[in-house]
Structures are given as C-alpha cells and as structure tokens.
Amino acid sequence: MAPEPSQNSVLVNPLATPDQLSTSGSQLDGVPASLETSVIHIGARLTQIAGVLLRLPQDLIAHAVVIFTRFWLGPESGSLCEYSIKHVCAAALYLTTKPSAHPKAPRSIINVLAYIEALGTVFFVQDDMDKNDPESYYVSEGTYFTERAQLTKVESIILRVLGFNTHVALPYTICINYLQTLGVFDDDSGSELAKRAWAHLNSALLSPQLLFVTHQPPCLATAAIYLAAKEVGVKLPSEQWWEVFDTDREELGFLVVAMLSMEGFLREEKQNWAGKRMPYTLDVVEQEIKALTDNS
Amino acid sequence: MTGSKSRWADDEADKEARRREKEEKKRAKLAKQKRQEEEAQKTAEAATARAQEEISRPAKRRRISNDDSNENDVKHIKSDSGSAPLLRFPTTGWSPSRNVSNFESLNHIEEGSYGWVSRAKETATGEIVALKKMKMDTSSGQGFPVDALREIQILSSAKHRHIVDLREVVVGDKPDDVYLVMQFLEHDLKTLQEEMAEPFLPSEIKTLLLQIVAGVEFLHDNWILHRDLKTSNILMNNRGEIKLADFGMARQFSDPPPANLTQLVVTLWYRAPELLFGTSKYGTAIDMWSIGCIFGELVRKEPLLQGRNEVDQLRRIFLLVGTPDEDSWPGFRRLAGASALKLMKNSPGAGKGSLRAQFPLLTSAGASLLAALLSLNPDDRPSAQEVLSDPYFLEAPRPKTTAMFPTFPSKAGGEKRRRVASPNAPQRGQAPKINMEELSGIFSRKEGEEVGAGFALRMA
C-alpha cells in the first residue's frame with residue numbers, strides 16, 4: 001500500500017491556463033485591459049490591507065488574495081462590470097478564513113472594508129491609517145444586512161467559478177526552508193535577507209503579471225531569494241543553486257525582472273489614481289470605462 | 001439590432017445576436033492577446049538575457065541525486081542549460097463547476113446527516129457515480145456551510161486508494177444546489193452486515209481492518225481527523241476493496257491541536273470516552289477508538305456499544321473495558337464531565353470489564369489489539385501505523401486477498417438478494433392426499449412435443 005502523491009500538495013498550486021490568462025469575463029464585457037489590470041491590483045491591495053487590519057497571518061491573507069485573483073481569470077469568470085471588487089474581496093476573505101484556525105465574522109470583514117473605503121485610497125502611507133473619523137465608516141444595521149447578503153451571494157459565485165477548488169500553495173514556508181538549506185542563517189545578515197525575500201514575495205502577490213497564479217511556489221521563493229541576496233549583499237553559492245529548488249534559469253530571470261518591475265508599476269498606479277475615487281464599486285468602474293473610451 | 005444590454009430585449013434572436021457579438025469580441029481579443037504575447041515574449045527574452053548577464057556562469061555543474069522511486073509521480077525535465085534534471089509535478093488548474101444536468105439520477109441510496117446520496121449516470125460517458133447533494137442552511141447567514149467546505153477541500157486533497165474519490169463538484173440552477181460527484185461503491189459495511197446471514201470470516205475481517213486502518217493512517221499522516229468513522233461511512237466494492245467516505249465532520253488538525261476544535265463530533269456509538277467527558281483537546285486517538293468499535297462490530301456483526309445517550313454510552317464502555325482510575329488514565333478527572341463520576345466508583349459495574357469474555361472466538365493477539373484500541377486513556381491507543389504492523393495480522397488465518405472476497409447483492413445499486421423459498425418440513429397431522437388428476441397430467445404436455453434432432457421443441 002504505497003502512498004500515492006497527494007494532488008494538492010504544498011508544493012503545487014493550480015495554475016491559470018493560457019486560455020484563462022488570455023480571455024476574461026471583464027474583457028468580454030468591454031473593460032479595457034489596462035483598466036482591468038489596475039482594478040484587480042487595487043482589489044488585491046484592498047484584500048491585503050483588510051487582512052492586516054483583521055489581524056490575519058500573512059499566509060491566510062495571501063490565500064485570500066490568490067482566490068480573489070483567480071476569480072477574474074478565464075472566459076467564464078467574474079466580470080468587473082458585474083461584481084464589485086469590494087464584494088469579491090470581502091467574500092474571498094470570508095471564504096478563506098472560514099475553515100481555517102482564524103475564522104472572521106462577516107461583520108468584522110464588512111466593518112474593516114468600510115473603514116478602508118473611508119480612507120479614500122489604498123495607496124497610503126502608515127500615517128493615513130491613524131486618521132480616525134468614525135462617522136465616515138459607520139456601518140448601519142441595514143447596510144450590514146444588505147452587505148452580508150451580497151457577501152454570501154458572491155461567496156457562492158466564487159466557489160462556482162473556481163469549481164470549488166480553493167487549494168492554494170504558497171511560497172512563504174518553503175522560502176524559509178530554502179534559506180535554511182542555503183545556510184544563510186549562520187550569518188547575521190541572514191535574517192535581513194529573509195525579511196527582504198519575504199517582502200519581495202508580498203509584493204509579487206500584488207503583481208500585475210499575476211505571478212502567484214502563473215508560477216509555482218518553489219520558483220517564486222527562489223526568485224525572491226535571488227533578488228534579495230543581490231540587494232542585501234549576501235553571497236550565495238556560485239553554482240546554479242536555483243536548480244536544486246527546481247527552478248530553471250529562464251524562469252528565474254523572468255521572475256526577477258517581474259519582481260523588479262513592481263516599483264515602477266506601483267509608482268505609476270499611485271499617480272494614475274491620485275485624487276480619483278477608488279474603483280471599489282461598479283459605478284466607479286463604469287465611469288472609468290467611459291472616461292477611457294471617450295479619450296480614445 | 002445592436003445587441004444592447006436592455007433588460008427588455010430578451011427574445012431568442014436578441015440572445016443569439018448577443019452571443020455572436022460576445023464570441024466575436026472573444027476572437028478579436030484572442031488575436032490581440034496573441035500579438036501581445038509575442039511582444040511580451042520578446043521583452044521577456046531580452047529580460048532573461050539581461051538577467052543572464054548578471055548571473056555568473058558556474059564553473060562546475062551541480063549534480064542532483066535522482067530519486068528513482070518517485071519516477072511515476074514526478075516528471076524530470078532537462079533544464080535549458082542541460083545540467084540537471086528538474087522536478088516537475090503535474091500541474092492542476094481550475095475550471096467552473098459543471099451543471100448537475102450532465103447526470104441522470106438512477107436511484108436513491110441514503111440520507112446522511114450531511115446530505116442526500118443517490119446513484120446517478122453521467123449522460124455523456126454512461127459512467128455510474130454517487131451524487132451527494134450537500135445540505136445547505138442559508139437561514140443562518142453564514143453562507144456556504146463550513147462543514148461542506150471542509151469536506152470538499154479535504155476530499156480533493158486526500159487522494160488515496162482507501163479514500164473515496166471525489167471527481168468534481170457540480171451545481172444546480174439554484175444557488176443552494178451543490179452536489180459532490182464521487183465514485184460509486186456497491187456497499188457500505190453497515191447495510192452489508194445487516195443483510196448478511198453470517199459475520200465475516202476472521203481472514204476477511206483482517207483484510208477489511210487493514211484497509212480501513214491504511215486509509216486512516218494516510219489521513220493522520222496528512223493532518224486530517226475523520227471524526228466520524230463508523231460502518232455506514234465505510235464503503236466496499238464487489239472486489240472487497242474498502243474506501244472511507246463522508247468527510248462532513250473531518251478537519252485539519254495541528255500539533256498542538258487548534259484552539260477551536262468542537263467537542264460534538266463522532267456518532268455516539270463510536271465516540272471516544274475523552275469526547276464523552278468533554279475534552280476540548282483531542283487528536284488522532286479519537287479515530288483509533290472508532291476503529292476499535294468497528295473491529296468489534298465486524299466480529300460480532302452488530303454494533304459494539306449501542307448507548308441510548310451519552311451517560312448510557314459511558315456506562316456501556318465501562319462495562320466492556322472497565323473503569324478508569326488515576327493510574328490507567330492520569331488526569332482524566334480534570335476533564336469537564338468526569339467530576340460526576342465519583343458515584344460510579346463503588347457501583348457493581350466497576351472493575352476490569354468483560355472484553356475478553358465477550359469475544360471468546362478472537363485469538364489472544366486479536367483480543368489484545370481490540371483491547372489496545374479500546375483503551376480509555378487516549379495515549380494508550382496505538383497509532384494507525386502501529387496497528388498495521390500488529391502481530392494479529394501475521395498469525396493464521398492470514399488476511400484474505402481482496403480478489404478472493406465473496407460478492408454480495410448491492411442494496412445501493414438496487415439489487416436484491418435472491419431468496420429461494422425452500423419448503424418447510426411437513427407439519428404434524430394428516431398427510432395431504434395426492435390429487436390424482438394433477439398426477440395424471442404431469443406428463444400430459446409431453447405428447448404435444450415434436451421430437452427433433454437433439455432438442456425438443458414444445459408447441460404452445
């Protein structure tokens with residue numbers, strides 16, 4: 001009775017197929033691709049921030065962000081014209097935490113999202129978080145019930161779009177394993193390197209190339225370590241050590257460049273959305289589509 | 001007609017136009033995407049070239065030892081530099097749930113606490129599957145039930161020959177209609193035992209038990225507690241192969257155990273004493289207790305501990321295996337429900353229990369395995385792995401190979417045992433007279449038969 005490989009191992013993530021990457025429900029509904037990328041990025045950020053405010057561990061937050069991202073991919077997926085990122089974000093967080101060791105009540109999630117919405121932007125620095133005007137994010141009982149109904153409705157739609165496959169494998173744990181294998185923790189710079197690599201993984205989670213749904217965890221972890229080691233100045237083996245972690249040179253190169261491009265992308269996004277309303281709801285998305293099509 | 005999204009324009013022609021428009025858009029998008037992809041590839045190539053400049057080429061090639069035993073599961077591919085084989089696991093993806101109308105319901109099997117199960121046929125392939133409709137409680141406002149979510153997640157991650165295979169999850173038109181498509185097995189052990197005239201043979205019991213424990217070992221190795229092992233959740237096919245089913249109570253656990261474990265798990269007759277005493281921290285030992293109950297049930301052909309309620313269940317447990325004390329189960333008095341137990345100390349039921357006397361036909365190895373599984377102290381129960389190497393399975397009679405298993409009519413498959421109604425022995429009294437008319441007629445039809453070459457053709 002030999003053990004059979006588990007289909008959903010911690011090393012293997014269900015990845016988006018080329019077909020799912022090339023067509024999306026939003027594009028079929030006429031959302032320009034650039035706007036789609038931008039709005040999904042903001043949704044992913046919204047999920048990350050809400051997760052932090054809900055005091056969730058980062059692996060659960062990342063799980064929710066991946067579920068959020070998958071929802072928009074493929075011809076039969078959710079469309080930005082049909083579902084608002086705020087509701088999908090709430091449902092993804094609810095769905096992910098429910099069976100975990102850190103379940104969150106719909107009320108907590110709805111309150112936290114109302115708070116972030118009141119801040120006016122997801123591109124903020126820490127100081128903005130301290131702004132406290134309870135009037136602006138008070139959720140009345142009536143609003144709560146309609147929001148909760150939306151949340152459970154979108155939850156069941158997410159499950160249907162994903163075919164009830166909510167398995168997510170993440171690179172965080174194996175990133176630490178790999179660093180241990182490379183023996184970097186013998187040195188003081190080891191923990192700095194680990195923090196840097198971890199930070200790269202966290203930004204890759206929000207990347208416009210959707211790295212977490214297109215690349216397997218070992219490759220993501222390896223690329224984050226490679227880039228972090230260059231930045232922190234830790235010397236790694238001169239051999240092709242990434243092959244030990246099942247990453248080939250080409251994929252490593254692509255991931256490193258993608259991770260490096262995050263900074264520019266974020267700067268541009270922040271600039272583009274400066275002074276505008278965040279596309280949390282359908283009407284803002286519609287306005288943006290209109291503005292874009294009028295300009296062209 | 002420009003396929004505008006008016007909610008009033010809903011006639012067929014309009015739908016058709018919209019569909020065509022959507023498809024055209026999709027095609028255009030695909031072509032555009034292809035162009036973009038080509039461009040992206042060019043940039044990516046340039047990027048890789050740049051990255052490669054950064055990477056100093058290695059002087060020595062690194063060799064990685066090759067694990068040949070995994071060859072079937074994992075593909076080795078050559079990396080572009082041709083230096084080392086890389087491991088590639090088969091990647092999976094996701095796709096939207098199909099509709100339940102792809103299946104045709106054949107017959108109803110059972111209604112469990114977590115849903116209705118029926119036998120169904122996939123219309124396209126003709127394959128027979130078990131279709132389980134999930135029970136939804138939407139009134140609570142909690143959305144998709146957490147038990148159902150766990151069942152789906154655990155079943156789709158636990159692929160093993162002794163765990164029922166979840167093929168896919170299909171949905172109906174209403175948001176509450178969610179069905180699990182699982183492989184169909186002819187029997188469950190409970191119904192089968194109720195229908196059988198004789199209990200399983202000792203060799204058969206060993207085979208069944210080994211398979212059950214192998215399934216549980218896999219679950220525990222993967223940090224999954226089943227939490228509802230019982231004969232009605234253990235399925236068997238006509239080749240004597242066992243698969244564990246109904247993961248509606250299952251959940252992932254950890255060491256130390258997660259804080260939010262619920263106490264109300266496992267069907268009463270199979271519930272471990274620590275759960276009855278209300279422990280909030282439990283582990284794999286609760287599944288092992290259930291296995292002990294199943295072992296006893298297989299030998300006796302009826303459930304071992306049929307308590308009417310929690311207290312009665314405890315009483316029956318103590319009658320069978322004796323009462324606990326601080327030596328045999330250190331710390332049990334600290335459990336929430338155990339403080340009231342003082343009364344039982346001098347009661348006539350207290351003592352060593354009657355396990356050995358109740359199973360006179362079991363060998364001593366079998367009896368000690370059963371006693372170990374039914375240890376009151378959870379720490380004394382063997383792990384699944386230890387059970388698999390128990391001497392009981394090595395002594396004669398050896399476990400029967402599954403190929404040699406007898407077959408039974410499948411109740412779930414709608415088959416019935418053919419009962420040949422044999423006549424009873426003659427009753428006292430006057431012997432019935434033979435009807436002379438009937439007797440003279442028994443060969444009467446023969447005259448009408450034509451005799452042919454080698455066979456007789458009867459004329460109606």
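From A:Leu11, A:Leu35, A:Leu21, which residue is touching a residue at least 24 places away in the same chain (Cβ under 8 Å), within 10 Å of another protein chain (Cβ to nearest Cβ) and under 15 Å from A:Pro208 (Cα atoms)?
A:Leu21
With respect to A:Ser238, determine if the residue is within 11 Å of chain B (Cβ to nearest Cβ), under 17 Å from the mean Cα position of the chain (by Cα), over 15 Å from A:Cys175 (Cβ atoms) and of a type outside the set (A, V, I, L, M).
Criteria not met by A:Ser238.
Testing A:Gly120 on (1) surrounded by fewer than 17 Cβ atoms within 10 Å (Cβ to Cβ); (2) within 14 Å of another protein chain (Cβ to nearest Cβ); (3) at pLDDT below 90, one condition comes back false. Which one is that?
Result: A:Gly120 fails condition (2) only.
In the list B:Asp255, B:Asp221, which residue meets the criterion of being open to solvent by 10 Å² or more (accessible area, probe 1.4 Å), out of contact with any Phe, Trp or Tyr (no Cβ under 6 Å at 6 or more places or on another chain), farther than 20 Å from B:Leu166 by Cα and not aliphatic (A, V, I, L, M)?
Only one candidate passes the filter, namely B:Asp255.
Working carefully through the options B:Thr207, B:Thr191, find the one that is within 14 Å of chain A (Cβ to nearest Cβ), in contact (Cβ under 8 Å) with a residue 40 or more places away in the chain and hydroxyl-bearing (Ser, Thr, Tyr).
Selected residue: B:Thr207, the only one of B:Thr207, B:Thr191 that is within 14 Å of chain A (Cβ to nearest Cβ), in contact (Cβ under 8 Å) with a residue 40 or more places away in the chain and hydroxyl-bearing (Ser, Thr, Tyr).
Take the range B:133-152 and flag every residue that is outside any helix (DSSP H, G or I), facing another protein chain (nearest Cβ under 8 Å) and modelled with pLDDT of 85 or more.
Selection gives B:Gly143, B:Phe144.
Which condition from (1) in the same structural domain as A:Leu73 (by TED's automatic domain parsing); (2) out of contact with any helix residue (DSSP H, G or I) (no Cβ under 7 Å at 6 or more places or on another chain); (3) buried (at least 21 other Cβ atoms within 10 Å of the Cβ) is the one that A:Tyr280 breaks?
(2)
Condition test on A:Asp19, is it more than 27 Å from A:Ile289 (Cα to Cα) and acidic (Asp, Glu)?
Spelling it out, it is not the case that A:Asp19 is more than 27 Å from A:Ile289 (Cα to Cα) and acidic (Asp, Glu).
Residue-wise test of (1) in contact (Cβ under 8 Å) with a residue 12 or more places away in the chain; (2) among the small types (Gly, Ala, Ser).
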position: A:Gly43; (1), (2): yes, yes
position: A:Ala50; (1), (2): yes, yes
position: A:Leu60; (1), (2): yes, no
position: A:Val66; (1), (2): yes, no
position: A:Tyr83; (1), (2): yes, no
position: A:Ala105; (1), (2): no, yes
position: A:Phe123; (1), (2): yes, no
position: A:Tyr138; (1), (2): yes, no
position: A:Thr152; (1), (2): yes, no
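Which members of the range A:240-296 meet the condition of being more than 20 Å from A:Val122 (Cβ to Cβ) and of a type in the set (Gly, Ala, Ser)?
Residues satisfying the conditions are A:Gly253, A:Ala258, A:Ser296.
Restricting the search to the range B:377-399, which residues are in contact (Cβ under 8 Å) with a residue 12 or more places away in the chain and within 19 Å of B:Val299 (Cβ to Cβ)?
B:Arg381, B:Pro382, B:Val387, B:Leu388, B:Asp390, B:Pro391, B:Tyr392, B:Phe393, B:Glu395, B:Pro397, B:Arg398, B:Pro399
Could you go through the range A:235-254 and let me know if any residue there is assigned to a helix (DSSP H, G or I), under 26 Å from A:Ser26 (Cβ atoms) and open to solvent by less than 30 Å² (accessible area, probe 1.4 Å).
no
Please work out if A:Tyr172 is closer than 30 Å to A:Leu113 by Cα and away from every other protein chain (no Cβ under 11 Å).
yes
Out of B:Gly248, B:Gly283, B:Gly240, B:Gly278, which single residue is closer than 17 Å to B:Gln193 by Cβ, in contact (Cβ under 8 Å) with a residue 24 or more places away in the chain and of a type in the set (Gly, Ala, Ser)?
B:Gly240
For the range A:46-66, which residues satisfy the criterion of being surrounded by fewer than 22 Cβ atoms within 10 Å (Cβ to Cβ) and either of a type outside the set (S, T, N, Q) or touching a His at 6+ places or on another chain (Cβ under 9 Å) (or both)?
A:Ile49, A:Val52, A:Leu53, A:Leu54, A:Arg55, A:Leu56, A:Pro57, A:Asp59, A:Leu60
With (1) within 12 Å of chain B (Cβ to nearest Cβ); (2) surrounded by 18 or more Cβ atoms within 10 Å (Cβ to Cβ); (3) part of a helix (DSSP H, G or I) as the list, and A:Pro99 as the residue in question, which single condition is left unmet?
Only one criterion is unmet by A:Pro99, namely (3).
Give the residue that is nearest to B:Tyr179 (Cα to Cα), with candidates limited to residues of the range B:116-132 that are more than 14 Å from chain A (Cβ to nearest Cβ) and basic (Lys, Arg).
Out of the qualifying residues, it is B:Arg119.
Any idea how many residues of the range A:70-86 are under 11 Å from A:Ile158 (Cα atoms), more than 9 Å from every other protein chain (Cβ to nearest Cβ) and open to solvent by 10 Å² or more (accessible area, probe 1.4 Å)?
Total meeting the criteria: 1.
Go through (1) farther than 22 Å from B:Gly93 by Cα; (2) crowded, with 20+ Cβ neighbours inside 10 Å for A:Phe212 and report which single condition fails.
Of everything listed in (1) farther than 22 Å from B:Gly93 by Cα; (2) crowded, with 20+ Cβ neighbours inside 10 Å, A:Phe212 misses just condition (1).
I'd like the full set of residues that are more than 7 Å from chain B (Cβ to nearest Cβ) and within 21 Å of A:Pro14 (Cα to Cα), limited to the range A:136-164.
Correct list: A:Ile157, A:Ile158.
Out of everything in the range B:169-213 that is hydroxyl-bearing (Ser, Thr, Tyr) and part of a helix (DSSP H, G or I), what residue ends up being modelled with the lowest pLDDT?
The selected residue is B:Thr191.
Spot the failing condition for A:Leu56; the list is (1) touching a residue at least 40 places away in the same chain (Cβ under 8 Å); (2) assigned to a helix (DSSP H, G or I), and only one is missed.
Among (1) touching a residue at least 40 places away in the same chain (Cβ under 8 Å); (2) assigned to a helix (DSSP H, G or I), A:Leu56 violates only (2).
For B:Leu264, are the conditions met, namely being farther than 16 Å from B:Phe332 by Cα, free of Cβ contacts under 8 Å to residues at least 12 places away in the same chain and surrounded by fewer than 21 Cβ atoms within 10 Å (Cβ to Cβ)?
yes
The values are calculated or read from the model by the stated rules, or taken from the named source; none is laboratory data. Because the structure is a prediction, the values reported are computed rather than measured. We place every Cβ from the backbone using ideal geometry, glycine too, and count neighbours over all the protein chains shown. Note: areas computed on protein heavy atoms with side chains; ligands, DNA, RNA excluded. Shrake-Rupley method; radii C 1.70, N 1.55, O 1.52, S 1.80 Å.
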